[in-house]
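The values are calculated or read from the model by the stated rules, or taken from the named source; none is laboratory data. Note that the coordinates shown come from a computational prediction; the quantities given were computed from them, not determined experimentally. Backbone-built Cβ (ideal geometry, glycine too); neighbour counts: all protein chains shown.
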Amino acid sequence: MTDKKPEITQATQSAAPAATSSTGPATSASAARKGPAGAAKTRSVLLPAFIVVLLIAVALAAGVWYQQRLFNETRQTLSSQVQSSASAVNQAVEQAQQALSLAQEQSRKIAALENSLRESQDQADSLQQAFQTLTDSGSDLVLINDVDHLVTIAQQQLQLSGNVANAVISLETAQAQLARANRPALAPLQQAINGDLDRLRAASTIDTTLLSSQLEELGNLLSEAPLLVPDDAAPEPVPAPQAATAGAAGNSASGGYVDPDAPWWKQGLTTAEQWSRSAWDAISQDLGQFITVRRVDDATALLMSPDQAARFRETLRLRSMTAQLALLMNQPKVWDAETAVLVKAVETRFDSRSQQVRQALKIARQLADTPIDVKLPTVDNSLQAIAALREAGAKQAEEGAIAAPGPSAPQAEPDTGASPQTDPAAPAAEPAPEPEPSTGASASQLQG
């Protein structure tokens, strides 16, 4: 577009001479005809035409220049946009490549984790299979050792803490192992465990939770119940039932009805009687708060100071905790001694007119009357059956070792079979009792 402007200028310049040349003969002819006046008129007409043509050429050149400028600006804008788009595309391509590499790396890690998980599962399956083989279809000695361990735990639970529930759980676990193994040789042991289980399930037990809650309630009552002498825990004395009854009677008498239709002297007499009765009730109630007559078996209970009362309450709390420990440790003598002390303390040192004291005395007597020395069954039958199986296994192992001493073993077997008929069997049968000490040693090793 930059080359069009000179071309247009040259065209206008060439057109102007051509026009002048084309009009030259005519002009010259007309000038020749008209003379000097016609030539001047012709020049005055050509000058405005030339100016108009020149202006048109300038306007066209300006328009071409403006279009060229717009084109250049548009081209620069488009090139900058293309460059920015190209850079954004390059960044997106780089990010996509990074994401692709990261995804590939993660997929490789996931594949490695899957392989390791598969290997771990295979190892766990093999270990489970080996353990199953060892416990279910392995040697009888391993199974007997497991059952012996569970039966020993049950025996310890019964002897140390008297916990029948834990003992039943241990025996049920041993029973399940024997049932899963399905060994005919261990049928006597399974029968002995079943018998011990039946006896444990039928045994009477102690409700330890209930007794513990009663001891907690008793401790709370003893920390708040009033003593014979008011202290910091119960500073207000308990009102006597007789005073409350008298006060109620006085209130009912003071609120008596006076007949308005009665004579004036009778109304005055009734009013005076009511006033005197209410005054006497008030005086007797006030005097009753200063003077109280009660029967106390222990005279030292009335001489306790507030500090001694606080220590006495703390001692009772410790005794209730000792009784709770005796309950948990199955110590019947300690339980009886502590509950008896609690009952005696409530009867002799606390105010029996209080509802809290009566409730505490009721709970203490119930605890004292509840024995915790309950005869629980044992699992001796199961232990004896295990010992018998161990001895039988030891004898079988020793007989197998004696039956295969060397090449002379095949000759000893027919002699043993002919023992009832021939005399040579007697010396062959005599060496059998000699390894008894080694049998005992092997049985003790198995038990250990």
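From (1) at pLDDT below 75; (2) assigned to a helix (DSSP H, G or I); (3) within 60 Å of the chain's Cα centre (by Cα), pick out the condition that doesn't hold for Leu316.
(1)
Inspect all residues belonging to the stretch 173-189 and state whether any of them is surrounded by 19 or more Cβ atoms within 10 Å (Cβ to Cβ), under 30 Å from the mean Cα position of the chain (by Cα) and modelled with pLDDT of 85 or more.
yes
Mind listing whichever residues of the stretch 158-209 are in contact with a helix residue (DSSP H, G or I) (Cβ under 7 Å, 6 or more places away or on another chain), outside any helix (DSSP H, G or I) and in contact (Cβ under 8 Å) with a residue 60 or more places away in the chain?
Scanning the stretch 158-209 gives Ala203, Thr205.
For the condition in a helix (DSSP H, G or I), surrounded by 14 or more Cβ atoms within 10 Å (Cβ to Cβ) and in contact with an Asp or Glu (Cβ under 8 Å, 6 or more places away or on another chain), what is the one hit in Ala360, Ala345, Ala337, Ala323? Spell out how you get there, then give the answer.
Working: Ala360 fails: in contact with an Asp or Glu (Cβ under 8 Å, 6 or more places away or on another chain); Ala345 fails: in contact with an Asp or Glu (Cβ under 8 Å, 6 or more places away or on another chain); Ala337 fails: in contact with an Asp or Glu (Cβ under 8 Å, 6 or more places away or on another chain).
So the residue among Ala360, Ala345, Ala337, Ala323 that is in a helix (DSSP H, G or I), surrounded by 14 or more Cβ atoms within 10 Å (Cβ to Cβ) and in contact with an Asp or Glu (Cβ under 8 Å, 6 or more places away or on another chain) is Ala323.
With the structure loaded, tell me whether Gln129 is closer than 30 Å to Leu376 by Cα and part of a helix (DSSP H, G or I) or whether it fails that test.
In short, no.
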